[in-house]
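Notes follow once the structure below has been shown.
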Amino acid sequence: MFSVLKSREKRVLFLVFLLMILASSPPSLDAGTPARWLKVTPTHVPRGAVALMTYIGPKDVKPIKIARSDTTFPFFLNDKGIYQALVGLPLSVHGQRIPLFVYVSKANNTEKIAFNLSTKNKKFPVRTLYLKKRSKLDAKTLKRIKLERSKLLNTLKKLTPKRFWHGKFIKPVPGGVTSGFGVRRKINGTYMSVHHGVDFRAPLNTPVHAINAGTIVFMKKMVLSGLTIVIDHGMGLYSLYGHLSKARVKLKVRVEKGQVIGLSGNTGRSTGPHLHLGVTLCGISVDPLALIHLPL
Ligand SMILES: [Zn+2]
(Lines give C-alpha, C1' and ligand atoms only; values in the text may rest on other atoms or scores of the structure.)
Protein backbone atom coordinates (compact mmCIF):
# COMPACT_ATOMS: atom_id res chain seq x y z
CA MET A 1 0.00 0.00 0.00
CA PHE A 2 2.80 2.40 0.99
CA SER A 3 4.78 1.67 -2.16
CA VAL A 4 1.65 2.33 -4.37
CA LEU A 5 1.15 5.71 -2.71
CA LYS A 6 4.77 6.53 -3.17
CA SER A 7 4.67 5.81 -6.89
CA ARG A 8 1.49 7.93 -7.23
CA GLU A 9 3.24 10.74 -5.36
CA LYS A 10 6.18 10.36 -7.72
CA ARG A 11 3.85 10.64 -10.71
CA VAL A 12 2.15 13.72 -9.23
CA LEU A 13 5.52 15.30 -8.49
CA PHE A 14 6.70 14.56 -12.03
CA LEU A 15 3.56 16.15 -13.48
CA VAL A 16 3.95 19.25 -11.27
CA PHE A 17 7.61 19.49 -12.36
CA LEU A 18 6.62 19.16 -16.04
CA LEU A 19 3.95 21.85 -15.67
CA MET A 20 6.47 24.17 -13.98
CA ILE A 21 8.90 23.73 -16.91
CA LEU A 22 6.15 24.38 -19.46
CA ALA A 23 4.94 27.46 -17.59
CA SER A 24 8.42 28.97 -17.31
CA SER A 25 9.53 28.37 -20.92
CA PRO A 26 8.88 31.32 -23.29
CA PRO A 27 6.32 30.79 -26.04
CA SER A 28 7.81 29.64 -29.31
CA LEU A 29 7.34 32.11 -32.15
CA ASP A 30 6.98 29.32 -34.68
CA ALA A 31 4.36 27.39 -32.74
CA GLY A 32 1.98 30.17 -31.84
CA THR A 33 0.44 33.01 -33.78
CA PRO A 34 1.70 36.57 -33.16
CA ALA A 35 -1.61 37.12 -31.36
CA ARG A 36 0.10 35.48 -28.34
CA TRP A 37 2.94 37.98 -28.20
CA LEU A 38 1.52 41.09 -29.83
CA LYS A 39 -1.04 43.17 -27.96
CA VAL A 40 -3.15 45.30 -30.32
CA THR A 41 -4.88 48.49 -29.10
CA PRO A 42 -7.72 48.86 -29.98
CA THR A 43 -8.43 45.12 -30.44
CA HIS A 44 -10.59 45.84 -33.52
CA VAL A 45 -9.14 48.60 -35.69
CA PRO A 46 -11.44 50.76 -37.87
CA ARG A 47 -10.16 51.66 -41.35
CA GLY A 48 -8.43 55.04 -41.32
CA ALA A 49 -7.33 54.51 -37.72
CA VAL A 50 -3.95 54.02 -36.11
CA ALA A 51 -3.29 51.04 -33.83
CA LEU A 52 -0.67 50.52 -31.15
CA MET A 53 1.15 47.15 -31.26
CA THR A 54 2.97 46.21 -28.06
CA TYR A 55 5.45 43.31 -28.13
CA ILE A 56 4.99 41.00 -25.14
CA GLY A 57 6.88 37.95 -26.47
CA PRO A 58 10.15 36.21 -25.57
CA LYS A 59 13.12 38.42 -24.67
CA ASP A 60 15.56 36.73 -27.09
CA VAL A 61 13.41 37.82 -30.03
CA LYS A 62 13.63 41.35 -31.37
CA PRO A 63 10.65 42.70 -33.35
CA ILE A 64 11.80 44.83 -36.31
CA LYS A 65 8.82 45.97 -38.36
CA ILE A 66 5.26 45.26 -39.41
CA ALA A 67 4.34 45.23 -43.09
CA ARG A 68 0.98 45.71 -44.78
CA SER A 69 0.99 45.66 -48.55
CA ASP A 70 3.85 48.02 -49.59
CA THR A 71 3.97 49.94 -46.30
CA THR A 72 6.24 49.10 -43.37
CA PHE A 73 5.82 50.34 -39.81
CA PRO A 74 8.97 50.19 -37.65
CA PHE A 75 9.08 48.99 -34.04
CA PHE A 76 10.62 51.42 -31.52
CA LEU A 77 11.51 51.17 -27.84
CA ASN A 78 9.05 53.08 -25.67
CA ASP A 79 10.06 55.05 -22.55
CA LYS A 80 9.74 51.84 -20.46
CA GLY A 81 12.05 49.86 -22.78
CA ILE A 82 9.19 47.89 -24.38
CA TYR A 83 9.01 47.40 -28.15
CA GLN A 84 5.99 49.06 -29.75
CA ALA A 85 4.87 49.96 -33.28
CA LEU A 86 2.19 52.25 -34.64
CA VAL A 87 0.29 50.76 -37.57
CA GLY A 88 -2.03 52.81 -39.79
CA LEU A 89 -4.89 51.41 -41.84
CA PRO A 90 -5.79 53.44 -44.95
CA LEU A 91 -9.43 54.39 -45.53
CA SER A 92 -9.37 52.23 -48.67
CA VAL A 93 -8.89 48.87 -46.89
CA HIS A 94 -11.81 46.47 -46.76
CA GLY A 95 -12.46 43.20 -44.96
CA GLN A 96 -12.76 41.98 -41.39
CA ARG A 97 -9.21 40.66 -41.24
CA ILE A 98 -6.26 42.51 -42.76
CA PRO A 99 -3.20 40.37 -43.54
CA LEU A 100 0.02 41.75 -42.06
CA PHE A 101 3.56 40.41 -41.67
CA VAL A 102 5.64 40.82 -38.54
CA TYR A 103 9.42 40.78 -39.04
CA VAL A 104 11.42 39.56 -36.06
CA SER A 105 15.05 38.62 -35.54
CA LYS A 106 16.29 35.79 -33.34
CA ALA A 107 19.98 34.83 -33.10
CA ASN A 108 20.77 36.89 -36.23
CA ASN A 109 18.02 35.19 -38.26
CA THR A 110 15.13 37.23 -39.57
CA GLU A 111 11.71 35.63 -39.64
CA LYS A 112 8.58 36.88 -41.40
CA ILE A 113 5.41 35.79 -39.62
CA ALA A 114 1.88 36.22 -40.98
CA PHE A 115 -0.63 37.96 -38.76
CA ASN A 116 -4.25 38.99 -39.27
CA LEU A 117 -5.45 42.31 -37.89
CA SER A 118 -9.10 42.36 -36.83
CA THR A 119 -10.98 45.38 -38.13
CA LYS A 120 -14.07 47.19 -36.94
CA ASN A 121 -16.76 48.24 -39.38
CA LYS A 122 -17.00 52.00 -39.54
CA LYS A 123 -19.17 54.13 -41.81
CA PHE A 124 -18.08 57.64 -42.75
CA PRO A 125 -20.74 60.32 -43.25
CA VAL A 126 -21.37 62.47 -46.32
CA ARG A 127 -21.53 66.23 -45.72
CA THR A 128 -23.65 68.12 -48.25
CA LEU A 129 -22.76 71.76 -48.84
CA TYR A 130 -24.27 74.32 -51.18
CA LEU A 131 -21.96 77.22 -51.86
CA LYS A 132 -23.14 80.21 -53.89
CA LYS A 133 -19.79 81.71 -54.80
CA ARG A 134 -17.37 78.90 -55.47
CA SER A 135 -14.71 80.27 -57.77
CA LYS A 136 -13.38 77.75 -60.27
CA LEU A 137 -9.67 77.08 -60.16
CA ASP A 138 -7.84 77.99 -63.36
CA ALA A 139 -5.29 75.73 -65.06
CA LYS A 140 -2.33 77.65 -63.60
CA THR A 141 -3.68 77.31 -60.05
CA LEU A 142 -4.44 73.60 -60.57
CA LYS A 143 -0.83 73.10 -61.72
CA ARG A 144 0.41 74.92 -58.61
CA ILE A 145 -1.80 72.74 -56.36
CA LYS A 146 -0.34 69.60 -57.97
CA LEU A 147 3.23 70.84 -57.44
CA GLU A 148 2.55 71.85 -53.83
CA ARG A 149 0.98 68.46 -53.15
CA SER A 150 3.93 66.52 -54.55
CA LYS A 151 6.39 68.62 -52.48
CA LEU A 152 4.33 67.97 -49.35
CA LEU A 153 4.04 64.22 -50.05
CA ASN A 154 7.83 64.05 -50.54
CA THR A 155 8.26 65.46 -47.04
CA LEU A 156 5.65 63.15 -45.50
CA LYS A 157 7.04 59.92 -46.94
CA LYS A 158 10.50 60.35 -45.34
CA LEU A 159 11.18 58.15 -42.34
CA THR A 160 13.33 59.75 -39.64
CA PRO A 161 14.74 56.74 -37.72
CA LYS A 162 14.38 58.50 -34.36
CA ARG A 163 11.41 59.06 -32.07
CA PHE A 164 10.85 62.64 -30.91
CA TRP A 165 7.36 62.14 -29.45
CA HIS A 166 6.74 61.03 -25.86
CA GLY A 167 3.57 59.92 -24.12
CA LYS A 168 0.04 60.76 -25.17
CA PHE A 169 -0.76 63.06 -28.09
CA ILE A 170 -2.82 66.15 -27.24
CA LYS A 171 -5.47 68.22 -29.00
CA PRO A 172 -3.98 71.27 -30.80
CA VAL A 173 -6.82 73.68 -29.80
CA PRO A 174 -9.50 73.48 -27.08
CA GLY A 175 -12.44 73.63 -29.54
CA GLY A 176 -14.59 70.67 -30.57
CA VAL A 177 -14.59 68.83 -33.91
CA THR A 178 -16.64 70.41 -36.69
CA SER A 179 -15.77 67.94 -39.45
CA GLY A 180 -14.28 64.51 -38.82
CA PHE A 181 -11.77 62.34 -40.65
CA GLY A 182 -13.07 60.40 -43.66
CA VAL A 183 -16.12 62.60 -44.25
CA ARG A 184 -17.05 62.69 -47.95
CA ARG A 185 -17.94 66.21 -49.03
CA LYS A 186 -20.64 66.77 -51.61
CA ILE A 187 -20.43 70.37 -52.80
CA ASN A 188 -23.26 71.68 -55.02
CA GLY A 189 -24.26 68.10 -55.88
CA THR A 190 -20.79 66.84 -56.79
CA TYR A 191 -18.69 64.50 -54.65
CA MET A 192 -15.43 66.20 -53.70
CA SER A 193 -12.35 64.64 -52.11
CA VAL A 194 -12.53 62.77 -48.82
CA HIS A 195 -11.53 64.78 -45.75
CA HIS A 196 -8.09 63.50 -44.73
CA GLY A 197 -7.97 65.28 -41.40
CA VAL A 198 -10.05 66.73 -38.59
CA ASP A 199 -11.42 70.28 -38.43
CA PHE A 200 -11.50 71.86 -34.98
CA ARG A 201 -13.56 74.88 -33.98
CA ALA A 202 -11.07 77.72 -33.53
CA PRO A 203 -11.91 81.44 -33.65
CA LEU A 204 -9.43 83.63 -35.58
CA ASN A 205 -5.95 83.76 -33.99
CA THR A 206 -6.47 80.91 -31.48
CA PRO A 207 -3.02 79.60 -30.36
CA VAL A 208 -2.31 76.26 -32.06
CA HIS A 209 -0.29 73.77 -29.99
CA ALA A 210 2.03 71.00 -31.23
CA ILE A 211 0.24 67.68 -30.57
CA ASN A 212 3.61 66.21 -29.50
CA ALA A 213 7.34 66.94 -29.74
CA GLY A 214 9.13 67.00 -33.08
CA THR A 215 10.85 69.11 -35.73
CA ILE A 216 9.25 71.71 -38.03
CA VAL A 217 9.95 70.29 -41.48
CA PHE A 218 7.49 72.17 -43.72
CA MET A 219 6.06 75.68 -43.69
CA LYS A 220 4.38 77.11 -46.77
CA LYS A 221 1.45 79.23 -47.96
CA MET A 222 -0.55 76.75 -50.03
CA VAL A 223 -3.50 77.27 -52.38
CA LEU A 224 -5.83 74.80 -50.64
CA SER A 225 -4.69 74.57 -47.01
CA GLY A 226 -3.37 78.16 -46.72
CA LEU A 227 -0.47 78.69 -44.33
CA THR A 228 0.52 75.11 -43.50
CA ILE A 229 3.00 73.80 -40.90
CA VAL A 230 4.18 70.18 -40.64
CA ILE A 231 5.89 68.59 -37.61
CA ASP A 232 8.03 65.46 -38.01
CA HIS A 233 7.51 63.40 -34.82
CA GLY A 234 9.96 60.71 -36.00
CA MET A 235 9.54 57.03 -36.98
CA GLY A 236 7.38 58.04 -39.98
CA LEU A 237 4.81 60.06 -38.04
CA TYR A 238 3.87 63.62 -39.08
CA SER A 239 1.20 66.14 -38.04
CA LEU A 240 -0.04 68.92 -40.35
CA TYR A 241 -1.75 72.18 -39.32
CA GLY A 242 -3.66 74.07 -42.02
CA HIS A 243 -5.42 77.43 -42.67
CA LEU A 244 -3.19 79.22 -40.11
CA SER A 245 -3.09 83.03 -39.95
CA LYS A 246 0.43 83.25 -38.50
CA ALA A 247 3.43 81.03 -37.74
CA ARG A 248 5.09 81.23 -34.34
CA VAL A 249 8.03 78.93 -35.18
CA LYS A 250 10.74 78.73 -37.81
CA LEU A 251 11.56 75.91 -40.21
CA LYS A 252 13.89 73.16 -38.87
CA VAL A 253 13.46 74.09 -35.18
CA ARG A 254 12.60 71.51 -32.51
CA VAL A 255 9.27 71.97 -30.73
CA GLU A 256 7.97 70.49 -27.51
CA LYS A 257 4.54 68.96 -26.92
CA GLY A 258 2.04 71.77 -26.31
CA GLN A 259 4.29 74.52 -27.69
CA VAL A 260 2.43 77.21 -29.67
CA ILE A 261 3.48 76.82 -33.32
CA GLY A 262 1.06 79.31 -34.88
CA LEU A 263 -2.34 80.99 -34.78
CA SER A 264 -5.50 79.60 -36.36
CA GLY A 265 -6.99 81.38 -39.35
CA ASN A 266 -8.96 81.25 -42.55
CA THR A 267 -6.20 81.12 -45.19
CA GLY A 268 -6.41 79.00 -48.36
CA ARG A 269 -9.69 77.44 -49.55
CA SER A 270 -11.61 77.74 -46.31
CA THR A 271 -15.19 78.73 -45.52
CA GLY A 272 -14.40 80.28 -42.12
CA PRO A 273 -11.75 80.33 -39.39
CA HIS A 274 -10.94 76.82 -38.11
CA LEU A 275 -7.96 74.52 -37.64
CA HIS A 276 -7.38 71.58 -39.96
CA LEU A 277 -5.22 68.87 -38.38
CA GLY A 278 -3.86 66.04 -40.49
CA VAL A 279 -1.75 63.06 -39.41
CA THR A 280 0.26 60.74 -41.66
CA LEU A 281 2.02 57.57 -40.60
CA CYS A 282 4.57 56.07 -43.03
CA GLY A 283 2.83 57.91 -45.87
CA ILE A 284 -0.72 56.89 -44.87
CA SER A 285 -3.33 59.45 -43.82
CA VAL A 286 -4.86 58.40 -40.51
CA ASP A 287 -7.49 59.83 -38.18
CA PRO A 288 -5.75 62.31 -35.82
CA LEU A 289 -8.35 61.55 -33.12
CA ALA A 290 -7.44 57.82 -33.24
CA LEU A 291 -3.83 58.85 -32.48
CA ILE A 292 -4.87 61.29 -29.73
CA HIS A 293 -6.99 58.53 -28.08
CA LEU A 294 -4.18 55.94 -27.97
CA PRO A 295 -3.02 55.06 -24.42
CA LEU A 296 0.63 56.01 -24.96
ZN1 LIG B 1 -10.11 70.04 -42.83
Problem - Count - residues of the range 267-284 that are over 17 Å from Val217 (Cα atoms), touching a residue at least 60 places away in the same chain (Cβ under 8 Å) and within 16 Å of the ligand (Cβ to nearest atom) - result: 5
Handout entry: Count of the range 270-296 residues which are surrounded by fewer than 21 Cβ atoms within 10 Å (Cβ to Cβ) and either of a type in the set (Phe, Trp, Tyr) or touching a His at 6+ places or on another chain (Cβ under 9 Å) (or both)
Key = 3
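Which ranges mark the strands (runs of 3 or more DSSP E) fully within the range 48-141 that have 2 or more residues being in contact with a helix residue (DSSP H, G or I) (Cβ under 6 Å, 6 or more places away or on another chain)? Let's see the steps before the verdict.
Values: elements: 50-55, 61-68, 71-77, 83-88, 97-106, 109-120, 126-129.
Because the criterion is at least 2 residues that are in contact with a helix residue (DSSP H, G or I) (Cβ under 6 Å, 6 or more places away or on another chain), the strands (runs of 3 or more DSSP E) in the range 48-141 that meet it are 109-120.
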Exercise for the section: Please specify each residue of the range 226-259 satisfying the condition of being more than 16 Å from the ligand (Cβ to nearest atom), assigned to a strand (DSSP E or B) and of a type in the set (Val, Ile, Thr). Expected result: Ile231, Val255
Handout entry: Residues that are surrounded by 16 or more Cβ atoms within 10 Å (Cβ to Cβ) and more than 27 Å from Tyr130 (Cβ to Cβ), drawn from the range 170-206
Key = Lys171, Pro172, Val173, Thr206
Practice task
Take Ser150 and decide whether it is assigned to a helix (DSSP H, G or I) and either touching a helix residue (DSSP H, G or I) at 6+ places or on another chain (Cβ under 7 Å) or of a type in the set (S, T, N, Q) (or both).
Solution key: yes
Exercise for the section: Kindly indicate which of Gly167, Gly182 is under 20 Å from Ile261 (Cβ atoms), of a type in the set (Gly, Ala, Ser), assigned to a loop (DSSP other than H, G, I, E, B) and assigned by TED's automatic domain parsing to the domain that holds Gly265. Expected result: Gly167
Exercise for the section: Tell me, please, whether a residue that is closer than 23 Å to Val255 by Cβ and under 15 Å from the mean Cα position of the chain (by Cα) can be found in the range 187-197. Expected result: yes
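The values are calculated or read from the model by the stated rules, or taken from the named source; none is laboratory data. These figures come from a predicted structure and were not determined experimentally. Every residue, glycine as well, gets a Cβ built from its backbone with ideal geometry; the counts of neighbours run over all protein chains shown.
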